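*Asks:* Got a structure here, written out as structure tokens. Questions coming.
The values are calculated or read from the model by the stated rules, or taken from the named source; none is laboratory data. Keep in mind that what you see is a predicted model, and the values were worked out from it rather than measured. All Cβ positions, glycine included, derive from the backbone under ideal geometry; neighbour counts span all protein chains shown. Accessible surface is based on the protein model in full, side chains and every heavy atom, while ligands, DNA and RNA are left aside. Shrake-Rupley method; radii C 1.70, N 1.55, O 1.52, S 1.80 Å.
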Amino acid sequence: MSTSDAFSIPAGENLTCLEFSPFKNSSNLLSYSTLDKLLLLSVEFDVISTAKTSQESKPHKLSLKHFEELSSFDLTGITCISWSPLTKFDHFNKFAKLCVGNLQGEVCVVSTDFNDGKDLGVFIGHKKSINCVSFHPTNENILASVSDDETLKLWNCNSGDIITSQPLSNIGISISWNLANKTCLGKLMVAEQKGKIRFYDVIKHNDENIVLHPIRTLESEGGESLIAADWNKVDKNKVGAVSNREYFVWDLATSYGFPEETKQSHCGGSSSFRWSNFHSEVFMTQGRPKHEMKIHHRGYRELILYKSYGVGRGCSWHSFLPLCVVADNLKLSFHDVSSVVDV
């Protein structure tokens, strides 16, 4: 097992989730939630050259340059976070818009100009706790959410109205977008707790008429219940998920609904699965015991990284750097894996 370069910054108590901005023009923004707050940070990194010759294949490592708390919102029971594509953070434009879901079944959209301007909108429609929210990657007016109430909903972010509500066969746990299909708004992956992952074409007739057209379904091995799932950002043919103690990987180009790979993830139970944004074969899982975090490479026999934390919940990958962040005890821990993965 390899090790990574690690560093940390202080954070609040009882962290519930965290998320890097997935957009390159705001990649140094990070949000995390506690029991009663949503906080927005700026986190900057230096790329330090370690190459002794120009022929070396791994010529750099990352270090923490600067961090700063920029804004916060008083919100309780946050369960998930998503960044809007309207978010920008550079010398000329500073604006952030995010959505969070909560235990009360509310979808909350917040925005800030990082000065005095703040806005909060609450969308009502789900009847139970929200498990995942996800902005469309390029259309800032469309937002998807799934809940314990066994529905998938698409929202108009301007009005707060429900565009469409799709019944699911079980509790919805995860959502991912894919823009590969140019003939529609894209494809939407929706994972359900009882082992099914459904895919839809999202077809837009106008701003108030968007149709979800089912295209295929994946199933976990043996009908195992799923805890979390993710669609690979680098290789759109790869989908991953975790059940209680195992992880699954599907290849959409070759599989007929069942996973091509199934292995043990966490002996005490899994809680998350996240593909990296920089390598098609690298992903991170979290689970028990001891709040374990594991980074896997499908081409390696051993784990890239294994860590255990006393408390904390949540993990995220940087939008393009070989860097992840994990919730820890009163801090956010960052791991640079550039030294152990060919990027």
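*Asks:* If you take the residues in segment 301-316 that are in a strand (DSSP E or B) and under 20 Å from Gly12 (Cα atoms), which one is most open to solvent (accessible area, probe 1.4 Å)? Spell out how you get there, then give the answer.
*Replies:* Restricting attention to segment 301-316, the residues satisfying the condition of being in a strand (DSSP E or B) are 305-308, 315-316.
Subset that is under 20 Å from Gly12 (Cα atoms): 308, 315-316.
Details: Ser308: 61, Cys315: 5, Ser316: 1 Å².
The selected residue is Ser308.
*Asks:* Only residues that are assigned to a loop (DSSP other than H, G, I, E, B), of a type outside the set (S, T, N, Q) and at pLDDT below 95: list them for segment 16-48, please.
*Replies:* Let us first name the residues in segment 16-48 that are assigned to a loop (DSSP other than H, G, I, E, B), namely 16, 21-23, 27-28, 34-36.
Still in the list and also of a type outside the set (S, T, N, Q): 22-23, 35-36.
The answer is Leu35, and nothing else.
*Asks:* With the structure loaded, tell me whether Ser174 is modelled with pLDDT of 95 or more and either exposed (fewer than 15 other Cβ atoms within 10 Å of the Cβ) or touching a strand residue (DSSP E or B) at 6+ places or on another chain (Cβ under 6 Å) (or both) or whether it fails that test.
*Replies:* Details: modelled with pLDDT of 95 or more: yes; either exposed (fewer than 15 other Cβ atoms within 10 Å of the Cβ) or touching a strand residue (DSSP E or B) at 6+ places or on another chain (Cβ under 6 Å) (or both): yes.
Considered against the rule, which asks whether it is modelled with pLDDT of 95 or more and either exposed (fewer than 15 other Cβ atoms within 10 Å of the Cβ) or touching a strand residue (DSSP E or B) at 6+ places or on another chain (Cβ under 6 Å) (or both), Ser174 comes out as yes.
*Asks:* Which residue out of Val100, Val109 is in a strand (DSSP E or B), under 18 Å from Leu154 (Cα atoms) and open to solvent by less than 10 Å² (accessible area, probe 1.4 Å)? Spell out how you get there, then give the answer.
*Replies:* Numbers: Val109 fails: open to solvent by less than 10 Å² (accessible area, probe 1.4 Å).
It is Val100.
*Asks:* Given the conditions (1) farther than 25 Å from Val242 by Cβ; (2) open to solvent by 30 Å² or more (accessible area, probe 1.4 Å); (3) assigned to a loop (DSSP other than H, G, I, E, B); (4) not polar (S, T, N, Q), and given that Lys194 satisfies all but one, which numbered condition is not satisfied?
*Replies:* The one condition Lys194 does not meet is (1).
*Asks:* Could I ask something else about it? Modelled with pLDDT of 95 or more, in contact with a Ser or Thr (Cβ under 8 Å, 6 or more places away or on another chain) and farther than 21 Å from Cys132 by Cβ: is that true of Asp230 in this structure? Steps first, answer last, please.
*Replies:* Working: modelled with pLDDT of 95 or more: yes; in contact with a Ser or Thr (Cβ under 8 Å, 6 or more places away or on another chain): yes; farther than 21 Å from Cys132 by Cβ: no.
Judged against the criteria, Asp230 is not a match.
*Asks:* Just give me the residues in segment 63-97 being more than 25 Å from His335 (Cα to Cα), assigned to a loop (DSSP other than H, G, I, E, B) and out of contact with any Lys or Arg (no Cβ under 6 Å at 6 or more places or on another chain), in sequence order.
*Replies:* Leu75, Thr76, Gly77, Pro85, His91, Phe92, Asn93
*Asks:* In this structure, is Ile203 assigned to a strand (DSSP E or B), modelled with pLDDT under 95, touching a strand residue (DSSP E or B) at 6+ places or on another chain (Cβ under 9 Å) and open to solvent by 20 Å² or more (accessible area, probe 1.4 Å)? Even if it seems obvious, please write down each step before you answer.
*Replies:* Working: assigned to a strand (DSSP E or B): yes; modelled with pLDDT under 95: yes; touching a strand residue (DSSP E or B) at 6+ places or on another chain (Cβ under 9 Å): yes; open to solvent by 20 Å² or more (accessible area, probe 1.4 Å): yes.
Yes, satisfied.
*Asks:* Okay, next question. If we keep just the residues of segment 151-169 that are under 16 Å from Tyr200 (Cβ atoms) and in contact with an Asp or Glu (Cβ under 9 Å, 6 or more places away or on another chain), which is surrounded by the most Cβ atoms within 10 Å (Cβ to Cβ)?
*Replies:* Trp155
*Asks:* Here is a further query. Out of (1) charged (D, E, K, R); (2) at pLDDT 90 or above; (3) open to solvent by 60 Å² or more (accessible area, probe 1.4 Å), what's the single condition that is false for Lys182?
*Replies:* Answer for Lys182: the failing condition is (2).
*Asks:* So, in segment 257-290, exactly how many residues are over 18 Å from the mean Cα position of the chain (by Cα) and either in contact (Cβ under 8 Å) with a residue 12 or more places away in the chain or open to solvent by less than 30 Å² (accessible area, probe 1.4 Å) (or both)?
*Replies:* If we filter segment 257-290 for residues that are over 18 Å from the mean Cα position of the chain (by Cα), which is where we start, we get 257-269, 288-290.
In the following step, the residues that additionally are either in contact (Cβ under 8 Å) with a residue 12 or more places away in the chain or open to solvent by less than 30 Å² (accessible area, probe 1.4 Å) (or both) were identified as 257-259, 261-269, 288-290.
Number satisfying all stated conditions: 15.
*Asks:* Here's another thing I want to ask about it. Evaluate segment 210-229: report whether one residue or more is touching a Phe, Trp or Tyr at 6+ places or on another chain (Cβ under 9 Å), open to solvent by less than 10 Å² (accessible area, probe 1.4 Å) and among the hydroxyl-bearing types (Ser, Thr, Tyr).
*Replies:* yes
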